[in-house]
1. Within segment B:87-102, work out how many residues are within 11 Å of ligand 2 (Cβ to nearest atom) and facing chain A (nearest Cβ under 10 Å).
2. Need at least 2 residues that are away from chain B (no Cβ under 14 Å) and aliphatic (A, V, I, L, M) per element, so show me which helices (runs of 4 or more DSSP H) inside segment A:1-120 make the cut, counting only ones lying wholly within it.
3. Only one of these conditions is not met by B:G131: (1) farther than 24 Å from B:A384 by Cα; (2) within 7 Å of another protein chain (Cβ to nearest Cβ); (3) within 13 Å of ligand 1 (Cβ to nearest atom); (4) crowded, with 22+ Cβ neighbours inside 10 Å. Which number is it?
4. What number of residues within segment B:52-90 are more than 16 Å from ligand 1 (Cβ to nearest atom) and within 18 Å of B:L135 (Cα to Cα)?
5. Hey, any hits in segment A:163-179 for a residue that's touching a helix residue (DSSP H, G or I) at 6+ places or on another chain (Cβ under 7 Å), of a type in the set (F, W, Y) and either within 14 Å of chain B (Cβ to nearest Cβ) or not in a helix (DSSP H, G or I) (or both)?
6. Check B:V452, B:V405, B:V475 and return the single one that is out of contact with any helix residue (DSSP H, G or I) (no Cβ under 7 Å at 6 or more places or on another chain) and of a type in the set (A, V, I, L, M, F, W, C).
7. The conditions are (1) at pLDDT below 95; (2) away from chain A (no Cβ under 14 Å), and B:F272 fails exactly one of them. Which is it?
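The values are calculated or read from the model by the stated rules, or taken from the named source; none is laboratory data. Keep in mind that what you see is a predicted model, and the values were worked out from it rather than measured. Because the Cβ atoms are built from the backbone with ideal geometry, glycine has one as well, and the counts that use them run over all protein chains shown.
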Amino acid sequence: MQGYLNRLAVFDLLLGLALTVIVAWALLGTCFKLYQWASTPSPLPIPLTPAPRTRYGVVVRLLAEIVLFRALAKANRVTWLASVFFHYGLLFVLIMHVRFFFASIPSSLLPFIVWSGWAALAMLLGLCVLLIRRIVVDRYRYISTPSDYLHLLLLISIGLSGVALKRLWPVDTFGVGEFLRGALTLQWQALPDGVVLVVHLVLVLLLFFVFPISKLLHGVGIVFSPTLNERDTSARSSSKGKPSQ
Amino acid sequence: MKLSNDNTVVDTPQVVGRYRVIPLIQEGASAASQTAKATADIQESLGLPGTLVDDWHDKAIARLGQLLKARRGLRVFMDTCTKCGACTDKCHYFLGTHDPKNMPVARQDLLRSVYRRYFTWAGRLFPWLVGARNLDKSLLQDWYTYFHQCSECRRCTVFCPKGIDTSEVTMAGREVLASIGLGQQYSQEIIGKVHSIGNNLGMKPRALADVLQSLEEDILEDTGVAVRLPLDDEGADMLVVTPSADFFAEPHVDGLIGYAKVLHQAGIRWTFSSEASEAANFALFTGQHDHMRDIALRIRHAAMGLGVKRIVIGECGHAWRVAYSFLDTLVGPMEFLSPEHPRAEHICEVTHQLLTQGIIQLDPSRNADVVVTYHDSCNVARGAGMGDIDGGQFKIPRALLAASVPKLVDMSADTTGQATFCCGGGGGLLTDDLMDVRIKGALPRAQALQAVVSSDQVTHLVAICAICKTQLTSVLPHHNLSDVQVTSLHHLVGDALVLT
Ligand code: SF4
Ligand code: SF4
């Protein structure tokens, strides 16, 4: 034990501990919100009609919103496109990060590693458009609070530092994997050297920290939105005669 | 939308209206439009404080806390908005007034800023960071102003990627306001009248009977056919509950005559009820679920007392939402209804069924030279369904019109169907003290209408909602559309009906 601690500098230990604690916080915090939403009664059915009549239909409706951002596509094409770039860029990059959970990279992740630079670019592009429109359009400026800008700036900084790690100052990916796996299995390891790496990690931790207490929860929140997740149960019990078209 | 029938094939015209131009925001533009606060006696008759209570701040926060625990929608909507802005240009009141607080998300933020301040860690610790605000007098004033410049039409919900329903936020806001002594005179007075007399207008049973009798005489004179308008007919099969405007005011009453003609022709034994002589349920607007239930209960009670097997709702938008979506939850199950018609039906469903079954005939040539466009009412479009088909609430009224008039034209698709624009007077705003907001709020609808008037010489605008009809009749002249006649759907159906 003594030797193990010696090998870890205090700073490394702190980073590892922070990762463990903040990941736990994000998970527990999110679970708490889910519990809070799920346990609040929905006294009157308020689906936005025309609404699906079956549970299957509800799943399709929710998927269309979550996967395609359907309502946003109807509302505003620029925002929609920027959101698609950002969210799918981020998803792609996140999948790439799964490599750090494995000591040797699974071959299925190779394309994600190869293309992740482009994905990060798409993500950054989307984020910049989202930021610019928030600053330029008077309506969006009016509804924005400092946290709305900071969320975007945080994500942009994470993306930029990530790109820097890939292109400019490559890191010891194996070492990063060990650090990450260590923190998640409570066997903390040192983080490989690199200032940008530390910056990237700290920013990500900040994002995880605000996740359960901010609007970032919207992704899960949609599923609980009664306007989208409730069925039109009255339709089934309507009169027998089928109106023709 | 493409509608085909024997007479017409109609393509959607392109709207050239100015509503596609999104206005620049103009802070405070409609701050001065105020609706009168409920008087002490009205508030007290509903069990609410007569004037603003001394500890209004604590009471308001406590009430909001209760609502957050009682309504999942409210809680989720408070949490999930990303301020993406998709809804900002979707509200007719913003498009008409340019006041940024009439942007749906800004309206929600009036409440959300307080939610964040008092109910979230981020807002308690860093209010300036997340736009959290103390509830002070000026914010309270904004609540009263802007929660009464929302018609709870839910158009913004259609475009919100998180499905956030601003009407739920508005209802919660009004509910809190009323609970600390700041109810709205117009809605609360009406709720009081429904409780004490049975309808919004405060029309006594005796007066109602007289009105119905004189209408029977009018129909006989006009058509030579003795069409009855029965009241409290025990043993009738069908109870018709309709907005009380139908009993006396133009253009509503012609619709009422239309229902009577259709039901007469079909040989259905039906009746009105003096106990439930009102379909409207303004407690939906004020967010007071207890009152909503009590008002709905009258319908159940009247139906059971009269021993009817069917309940039919007349042309009223929000009444139809309450009947279709809420009635079972509020006062159900309605096991006394016939198994063939186990829920409340819309008069359009009834007429449409009779038409498709060949029980009644409609002859469009009787409405010669009438060119109709149909205004989808928000509560019907986004809060209810109709018939057994998807989108029946859009198709059935249009099918009835197509069979009743020579030409039916649709307004631009982004102003009809699920995306329909509110008439500008719904949700408890149909009061003279909000006339300015009502006129401005009708702008997008008026622009879409103007387009079809120019392209297809539309003569009639049809709606199936008493509020829409009243509102549009009074505001269209302000948009240079006084030549368009606002009409009940069943007026045209009644005129086209082959009556024997
Ligand atoms: S569209 Fe929905 S999520 Fe976007 S700003 Fe409006 S209410 Fe918020
Ligand atoms: S519900 Fe209707 S009136 Fe209210 S904010 Fe939304 S669009 Fe505007």
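1. The qualifying residues number 6.
2. Working: elements: A:2-7, A:10-39, A:55-68, A:70-75, A:77-97.
Here the list reads A:10-39, A:77-97.
3. So B:G131 meets the others, but not (4).
4. Within segment B:52-90, the subset more than 16 Å from ligand 1 (Cβ to nearest atom) is B:52-72.
Right, trim to within 18 Å of B:L135 (Cα to Cα) and you get B:52-68.
Qualifying residue count for the region: 17.
5. There is at least one residue in segment A:163-179 that is touching a helix residue (DSSP H, G or I) at 6+ places or on another chain (Cβ under 7 Å), of a type in the set (F, W, Y) and either within 14 Å of chain B (Cβ to nearest Cβ) or not in a helix (DSSP H, G or I) (or both).
6. Details: B:V405 fails: out of contact with any helix residue (DSSP H, G or I) (no Cβ under 7 Å at 6 or more places or on another chain); B:V475 fails: out of contact with any helix residue (DSSP H, G or I) (no Cβ under 7 Å at 6 or more places or on another chain).
Step by step, each of B:V452, B:V405, B:V475 is checked, and only B:V452 is out of contact with any helix residue (DSSP H, G or I) (no Cβ under 7 Å at 6 or more places or on another chain) and of a type in the set (A, V, I, L, M, F, W, C).
7. The one condition B:F272 does not meet is (1).
The rows are residues; the columns are (1) on the phi > 0 side of the Ramachandran plot; (2) modelled with pLDDT under 95; (3) buried (at least 17 other Cβ atoms within 10 Å of the Cβ); (4) of a type in the set (V, I, T).
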site: B:I313; (1), (2), (3), (4): no, no, yes, yes
site: B:A319; (1), (2), (3), (4): no, no, yes, no
site: B:Q353; (1), (2), (3), (4): no, no, yes, no
site: B:Q357; (1), (2), (3), (4): no, no, no, no
site: B:V372; (1), (2), (3), (4): no, no, yes, yes
